[in-house]
Structure formats: C-alpha cells, structure tokens
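Take a look at the structure set out below.
The values are calculated or read from the model by the stated rules, or taken from the named source; none is laboratory data. Source: prediction; values computed, not measured. All Cβ positions, glycine included, derive from the backbone under ideal geometry; neighbour counts span all protein chains shown. Keep in mind that these areas ignore ligands, DNA and RNA; they rest on the heavy atoms of the full protein, side chains included. Shrake-Rupley method; radii C 1.70, N 1.55, O 1.52, S 1.80 Å.
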Amino acid sequence: MQDIYEQIHELEGIPGMSKHEQLVQGIINTINARLLSRGDALPSVNKLISKLGFARETIARGYKELVERGIVTSRNRKGFFVSSNDTGQQLKVALLLFAFDTFQETFYKTFRANIGENIQLDVFFHHNNIEVFESIVSTIKGRYGMYVVAPIPHPKTAEILKVLPMDKFLMIDRYEPLAADYSHIMMIS
C-alpha cells in the first residue's frame, strides 16, 4: 500500500493538478508500474483520508472516476479493487440488448465501431424476460460510466430502470416512458 501513497505524493508538485487528479493518476501510475495488478485491494477511503489528508469527497470522486473507466471495481462492504491493468480505458459501457439476432448484431457492430478507442464495452442480453432484465440492471448499476439499454415493454420497466443514473443513460430501439429526463434513440430497420 505504501507504493500507492508514494505515487500520489510524487504528483503534488505538478502545477494545476488537483488532488482528485493526483489520486486518479497516482493509482494509475501504481498499476502501470506493476506495483498493483488485477484483483489487488486498494486502500479504504478512511485510510486515504488519514494518509493523504484529502477530503472524503475528493477520494470518493476519484474512485468513482476509476470505476466508470473500468480500472477499479467496488465490492459492497469489501472495498475497492483493481479490475483491469488496462489503464488507458476512458469509459466502461454496459450495453443491454434483447438477443443476438441479426438486427442487434448490426447495431452492436456499428456502435462498437463508432464509440472510439479505449472504451470497454460489456454486452448483456435479457431475451425479453423481465426477471432477467431486472437481474441484469441490478447487477450493472453503479458499475459503469454509461448504460445503453434496449428496454422491455412491461409495466415494471420504468421502476427497474430508475436505479440507473439518467445522465449516463441511453435508451435504444424502443421508447418506454420514464419519470426522469433521459436520452433515447429510435432505430428504424
């Protein structure tokens, strides 16, 4: 753990670099130096506060950015862990589709080709089963920087989707009304 603190402290003298940026880059530098690898535990928020003197919000924001980029994962009541040695990732996207039919495959290929490099894209299929849909949404919430969802026309859909952050949400293929403002794209085949 001492290596993490040293990597973060080395960035203190860089003009214009915020504490949030020091934390994120310090953890990335530690992974790049192979001092941490996939599966390794990171210091708790309280430990970072104690060792670095950073505000809780600064540390939480740094960890949140690393989670959204797919570099770090959060395990409930266990802490934060390195989830990828690919520190160049800029975003982690969850794509939730009906099934891998011809139309969905065409959409996937086009989407993948146009979202850019350094984006991790994880694909899930709900097969028009509301229980599977609910289970997947419950599993992916809070773990991605963007959620692209082809919803199921069902009375429970709005309630299920409200757990996702609408500022990082894109509904595709079908329109299902939700209480919050969100983005959506209707696809024409």
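Summary table below
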quantity	calculated
Selection count, the range 90-108, where residues are closer than 17 Å to Leu170 by Cα and either modelled with pLDDT of 85 or more or open to solvent by 30 Å² or more (accessible area, probe 1.4 Å) (or both)	10
Residue match in the range 40-62 (condition: open to solvent by 30 Å² or more (accessible area, probe 1.4 Å) and within 30 Å of Pro151 (Cα to Cα))	yes
Subset of the range 9-31 that is β-branched (Val, Ile, Thr) and buried (at least 16 other Cβ atoms within 10 Å of the Cβ) - its residue that is farthest from Gln89 (Cα to Cα)	Thr30
Within the range 143-155, considering residues that are open to solvent by less than 60 Å² (accessible area, probe 1.4 Å) and in a loop (DSSP other than H, G, I, E, B), the one farthest from Val72 (Cα to Cα)	Ile152
Of all residues in the range 114-124 being more than 18 Å from Val67 (Cβ to Cβ) and open to solvent by less than 80 Å² (accessible area, probe 1.4 Å), the one that is modelled with the highest pLDDT	Val123
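Results for (1) assigned to a strand (DSSP E or B); (2) without any contact (Cβ under 8 Å) to a residue 40 or more places away in the chain; (3) of a type in the set (Gly, Ala, Ser), shown as yes or no for each residue.
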{"position": "Asn29", "(1), (2), (3)": "no, yes, no"}
{"position": "Ile59", "(1), (2), (3)": "no, yes, no"}
{"position": "Asn85", "(1), (2), (3)": "no, no, no"}
{"position": "Lys92", "(1), (2), (3)": "yes, no, no"}
